[in-house]
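**Student:** Structure incoming, see below.
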């Protein structure tokens, strides 16, 4: 159980295009999903918290107009990198937490990430 | 400001030995401390997690030791195997695990056969 699927796993596109990444919780509902960014051989950095039915909460330094997040249902969140440039190339990973409330000992489960390469 | 400091950056252990990775945190609001294992090209997978009301938690070959007063926690991998070779991340968050995670910088572990 607790499977998170991320699509696509790898995308290459030209500078200036927009790219959408999907994150789905396959066997549980997730009120909250998270988006992280990981550079090669580095740690994961939280970009934003995605809440179903409301606006995402972005971490300091993350451009909300650049990284559009939509959490349309309890099992799907999308991240759109708008007008992507080479510096946006990175490994983007989502996570989801089962919807059982806070302080409920439920961990975050991660997808396998999307490798984005902007030429 | 790095809120979770992890060491060592890399670690080589002989098969059958004990692998030990240490983390220290600064934010006293943290109340959930998971460890994740990551293989190249994959997302992190949860290994084990602990809350600050216990000092130790063991699951199979993996043990977390937690020192609340020192704001430190560590992962011990007993009887380390070549299949354990991966990058390990400690992490922390608040809200009883409901908030986004702050990760350490990771430890690249190599188990030599």
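The values are calculated or read from the model by the stated rules, or taken from the named source; none is laboratory data. Remember, predicted model here, so these are calculated numbers, not experimental data. Cβ coordinates were reconstructed from backbone atoms using ideal geometry, including for glycine residues, and neighbour counts include every protein chain displayed.
**Student:** Between A:78, A:31, which is out of contact with any helix residue (DSSP H, G or I) (no Cβ under 7 Å at 6 or more places or on another chain), within 13 Å of chain B (Cβ to nearest Cβ), crowded, with 16+ Cβ neighbours inside 10 Å and more than 20 Å from residue B:47 (Cα to Cα)?
**Tutor:** Working: A:78 fails: within 13 Å of chain B (Cβ to nearest Cβ).
Selected residue: A:31, the only one of A:78, A:31 that is out of contact with any helix residue (DSSP H, G or I) (no Cβ under 7 Å at 6 or more places or on another chain), within 13 Å of chain B (Cβ to nearest Cβ), crowded, with 16+ Cβ neighbours inside 10 Å and more than 20 Å from residue B:47 (Cα to Cα).
**Student:** Let me ask something additional. Would you confirm whether any residue within the range A:5-17 is free of Cβ contacts under 8 Å to residues at least 60 places away in the same chain and closer than 26 Å to residue B:86 by Cβ?
**Tutor:** As a first pass, look at the range A:5-17 and keep what is free of Cβ contacts under 8 Å to residues at least 60 places away in the same chain: none.
No, that holds for no residue.
**Student:** Can we say residue B:24 is modelled with pLDDT of 95 or more, farther than 28 Å from residue B:112 by Cβ and more than 14 Å from chain A (Cβ to nearest Cβ)? So that I can check it myself, show each step before the final result.
**Tutor:** Details: modelled with pLDDT of 95 or more: yes; farther than 28 Å from residue B:112 by Cβ: no; more than 14 Å from chain A (Cβ to nearest Cβ): yes.
Judged against the criteria, residue B:24 is not a match.
**Student:** To continue, here is another question. Given the condition away from chain B (no Cβ under 11 Å) and in a loop (DSSP other than H, G, I, E, B), answer yes or no: does some residue in the range A:88-108 qualify?
**Tutor:** Looking through the range A:88-108, at least one residue is away from chain B (no Cβ under 11 Å) and in a loop (DSSP other than H, G, I, E, B).
**Student:** Sticking with this one: Taking the range A:51-75 as the search range and keeping residues that are more than 17 Å from residue A:114 (Cα to Cα) and surrounded by 21 or more Cβ atoms within 10 Å (Cβ to Cβ), which one is nearest to the other protein chains (Cβ to nearest Cβ)?
**Tutor:** A:56
**Student:** Any residue in the range A:63-73 that is assigned to a loop (DSSP other than H, G, I, E, B), farther than 26 Å from residue B:105 by Cβ and touching a residue at least 40 places away in the same chain (Cβ under 8 Å)?
**Tutor:** no
**Student:** Of the conditions (1) without any contact (Cβ under 8 Å) to a residue 12 or more places away in the chain; (2) in contact with a strand residue (DSSP E or B) (Cβ under 6 Å, 6 or more places away or on another chain); (3) surrounded by fewer than 20 Cβ atoms within 10 Å (Cβ to Cβ), residue B:60 fails just one. Which one is it?
**Tutor:** (2)
**Student:** For residue B:111, state whether it is touching a residue at least 40 places away in the same chain (Cβ under 8 Å), surrounded by 19 or more Cβ atoms within 10 Å (Cβ to Cβ) and either away from chain A (no Cβ under 11 Å) or under 16 Å from the mean Cα position of the chain (by Cα) (or both). First the steps, then the outcome.
**Tutor:** Working: touching a residue at least 40 places away in the same chain (Cβ under 8 Å): yes; surrounded by 19 or more Cβ atoms within 10 Å (Cβ to Cβ): yes; either away from chain A (no Cβ under 11 Å) or under 16 Å from the mean Cα position of the chain (by Cα) (or both): yes.
Yes, satisfied.
**Student:** Please count how many residues of the range B:27-50 are at pLDDT 95 or above and more than 14 Å from chain A (Cβ to nearest Cβ).
**Tutor:** The number of residues fulfilling the criteria is 0.
**Student:** Criterion first (more than 18 Å from residue B:111 (Cβ to Cβ), at pLDDT 95 or above and not in a strand (DSSP E or B)) does residue B:70 satisfy it? Explain how you work it out, then say what you get.
**Tutor:** Details: more than 18 Å from residue B:111 (Cβ to Cβ): yes; at pLDDT 95 or above: yes; not in a strand (DSSP E or B): yes.
Taking the combined requirement at face value, the residue satisfies it.
**Student:** Being surrounded by fewer than 21 Cβ atoms within 10 Å (Cβ to Cβ) and facing chain A (nearest Cβ under 8 Å) is the filter; apply it to the range B:88-107 and report the residue that is nearest to the chain's Cα centre (by Cα). Lay out the reasoning, then the answer.
**Tutor:** Taking the range B:88-107 first, the residues surrounded by fewer than 21 Cβ atoms within 10 Å (Cβ to Cβ) are B:94-96, B:98, B:105.
This time we only want the ones that are facing chain A (nearest Cβ under 8 Å), so: B:95-96, B:98, B:105.
On the way: B:95: 19, B:96: 18, B:98: 18, B:105: 11 Å.
The extreme case among them is B:105.
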